[in-house]
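Trainee: Please see the structure below; I have some questions.
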């Protein structure tokens, strides 16, 4: 299960929930003032987002398999939430869409070639 480091504040919701379309499955805090840890999902992809120092390192990359990365790219290009000009890369093993998050991580959505 990939754990992605995020920071406190509304930016993780804006990027992961509003822009990428993930939903929150569950959230946990040991106390109200302590860091948030949660699970999000979309179309069979499950990620853990953590505000805890030491759970993960900002600047990480994670590869996520999707059924149709070209359709995902078109959906994200029309979003006004993040005006990213994300390009689709064709590789011999499949098509990829690398998206930087606001915390220095990169999510690489890919559809393998048959």
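What follows draws every value from the coordinates through simple rules; no lab data is involved. Just so it is clear, the model here is predicted, and its values are computed rather than measured. Virtual Cβ from ideal backbone geometry, glycine too; neighbours counted across all protein chains shown.
Trainee: Output the relative contact order of the range 11-57, whole-number percent, from Cα pairs under 8 angstrom with separation of 6+ residues.
Mentor: The normalised contact order for the range 11-57 reaches 26 percent.
Trainee: What is the chain's relative contact order, in percent, from Cα pairs under 8 angstrom and six or more apart in sequence?
Mentor: Once divided by the residue count of the chain, the mean separation gives 27 percent.
Trainee: Moving on. Separation between the residue 29 and residue 90 pseudo-spin-labels, each 7 Å from Cα along Cα→Cβ, expressed in nm?
Mentor: It is 4.8 nm.
Trainee: If Rh is defined by the Kirkwood formula over all Cα pairs and Rg also comes from Cα, what ratio Rg/Rh do you get for the range 31-70?
Mentor: 1.07
Trainee: How high is the FRET efficiency between residue 114 and residue 42 when r is their beta carbon distance and R₀ equals 30 Å, given to the nearest 0.05?
Mentor: 0.85
Trainee: Tell me the volume per residue, in Å³, of the convex hull enclosing the alpha carbons of the chain.
Mentor: About 102 Å³ per residue, rounded to a whole number.
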